[in-house]
1. What does the extension gain come out to for A37 and I77, with contour length at 0.36 nm per residue minus their alpha carbon separation?
2. All other residues with a Cβ under 13 Å from the Cβ of G69 taken together, and with Lys, Arg as +1 and Asp, Glu as -1, what is their net charge?
Amino acid sequence: LKIKVDDPLGASSLHFGPGIVGLIAVGFFAHPDLTAAQYGPWDKYPNRLHHSEEDFVGIFYQGNGTQLGFQILAGLIFTAWG
């Protein structure tokens, strides 16, 4: 089955693979210092609803896998949408 897509340079396949790898890598390598810089220090905002620092850091930095799950979900949505 050949899908007729107007992509003479192959840009879709060139950008999809590395884009998905980069997207998933965040779920593994998101550093606590960088997530704190983005979302604010966790001790300063103690009333975050149902979230902890472990929800936002990568699993290689004692994350609980929530961020990795969100990254995989985003990749699936981008794949279905595009």
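Read-outs throughout are calculated quantities, based only on the coordinates presented, and are distinct from any laboratory measurement. As the structure is a computational prediction, the values presented were derived from the model and not from experiment. Please note: Cβ atoms are built from the backbone with ideal geometry, for glycine as well, and neighbour counts cover all protein chains shown.
1. On the way: separation 40, 0.36 × 40 = 14.40 nm, distance 2.68 nm.
The span from A37 to I77 would gain 11.7 nm if fully extended.
2. Within the 13 Å Cβ shell, the charges total -2.
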